[in-house]
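Asks: After the structure tokens below, expect a handful of questions from me.
The values are calculated or read from the model by the stated rules, or taken from the named source; none is laboratory data. Keep in mind the model is a prediction, meaning the values are calculated, not measured. As a convention, Cβ positions derive from the backbone with ideal geometry for all residues, glycine included, and neighbour counts pool all protein chains shown.
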Amino acid sequence: MPEEAALSQFIDFLRFGSVSTDSKYKDQVLGCADWLRQKLIAIGLKAAVHETPGHPIIVAHGPKREGRPTVLIYGHYDVQPVDPLTLWHRPPFNPGIENGIITARGASDNKGQIFAHILGIEQTLKETGDLPVNLILLVEGEEEIGSPNLAAFLSSHREELACDVVAISDSSMIAPGHPTFTYGLRGLTAVEVTATGPDHDLHSGIFGGAVENPATVLARLIAGLHDKNLKVKLEGFYDDVRPLALWERKAWKHLPLTENVLLKMTGSPALRGEKGFTALERIWARPTAEVNGIGGGYQGEGTKTVLPSKAMAKFTFRLVPDQDPKKISEIVQDYFRKNAPPSVKLDIVAGHSGEPYLVDPNAGFGMAAQKALGRIFPGQKPALIREGGSIPIVADFKTILKADTLLLGFALPDCNAHSPNETFPLAHLDLGAKLNRYLLEEIAAA
């Protein structure tokens, strides 16, 4: 368990409602950024807050010495919205602790994980007055909205941020007590579609059958995204998908994250997805088309016999190497435009996107990462996995800074990230601090 002072500071960090997507939280976002700057200065780093067109970025530097590798540790202090609030067992920004687990929005994603790294840095500096590598810490406030300003910041600060490798802890362990190295991420592209028919809601008895219902049109379009085997039907969607390697398929069959465990985590009646692939293969290495939200017409209690004026749906398409988010967005938009009947007008808005990422876990600093994990979990071979989620900035680190990324998350699969009652085991603050210390040592020795 963390020391009392560290735990108190972590709770203070979690109290900030740093929701990046909602303007009413702006003061909380700014307050969180400044709190973080002060914390980093207090542990002995040189830290500054950099303004962007959106939310601030904090950059900190450790002592610099010639001849040492430079490691950039990335994290984010912004969090997801808390809706639906009624499902929370306690106020989301009033952290509570039970059985060694803390509950609060941002506990795992990403405040717990980046704070653990900060604790590791603090401990090393207290003990030695130095770090084994030249360290850069970059913590942003817009990851949950696709990091719209970070790529430009990397480009304009390329010299200051030059590094040999990037380390990120913004993912999960495969299971409690199992060291995990994530070497791949899915990318994504987001699209919002609105179908408008009449210019106002109509009486469904008077006009039904003469005016086509926009909600029905949109439902047909959504249904047309998949075939009966749940494969995406869009022409060209799979053209650039990189096949799974044989060693991956073999290794993933022996992981503790079984389909029964996954099913229990979801609370669904059954798992189902693209035919011909296991659940893990679908999550980690196959692209998907998902409806994230849908609405239109009367939503209140009881019946209101209307033919709605419009209907809308929000989509994200998770992508795998070597799919191009821009190309997929164009394919998706073409599908909706070509298949919408003339009875509705479509408005299509392309949202944020991010490139998929894949690195060889057994090359370069990947072996240093595996050695660090081995020191925390002696005798256990790290699970080498991909992640179904997306961290769009990882591709930018590769393109702009020419640096690969080590993804070493230590949240748990059932932490409820992005959902009500998000959690983080307090013991993992210590685990993450050790990981930070061992990782920097192993990179220095590589």
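Asks: Could you count how many residues in the stretch 199-241 are among the acidic types (Asp, Glu), under 20 Å from residue 310 (Cβ atoms) and surrounded by 14 or more Cβ atoms within 10 Å (Cβ to Cβ)?
Replies: Qualifying residue count, the stretch 199-241: 2.
Asks: Give the number of residues within the stretch 119-136 that are in a helix (DSSP H, G or I) and over 18 Å from residue 407 (Cβ atoms).
Replies: 9
Asks: Could you tell me which numbered condition residue 166 fails, if it satisfies all but one of (1) in the same structural domain as residue 397 (by TED's automatic domain parsing); (2) modelled with pLDDT of 95 or more; (3) assigned to a loop (DSSP other than H, G, I, E, B); (4) surrounded by 17 or more Cβ atoms within 10 Å (Cβ to Cβ)?
Replies: Evaluating residue 166 over (1) in the same structural domain as residue 397 (by TED's automatic domain parsing); (2) modelled with pLDDT of 95 or more; (3) assigned to a loop (DSSP other than H, G, I, E, B); (4) surrounded by 17 or more Cβ atoms within 10 Å (Cβ to Cβ) leaves (3) as the failure.
Asks: Residues 394, 359: which one is among the hydrophobic types (A, V, I, L, M, F, W, C), touching a residue at least 12 places away in the same chain (Cβ under 8 Å) and over 22 Å from residue 316 (Cα atoms)?
Replies: 359
Asks: When you check residue 190 against the structure, is it closer than 23 Å to residue 283 by Cα, surrounded by fewer than 21 Cβ atoms within 10 Å (Cβ to Cβ), at pLDDT 95 or above and among the aliphatic types (A, V, I, L, M), yes or no?
Replies: When the stated conditions are applied, residue 190 passes them.
Asks: Modelled with pLDDT of 95 or more, touching an Asp or Glu at 6+ places or on another chain (Cβ under 6 Å), assigned by TED's automatic domain parsing to the domain that holds residue 137 and more than 20 Å from residue 167 (Cβ to Cβ): which single residue out of 55, 89 fits that description?
Replies: 55
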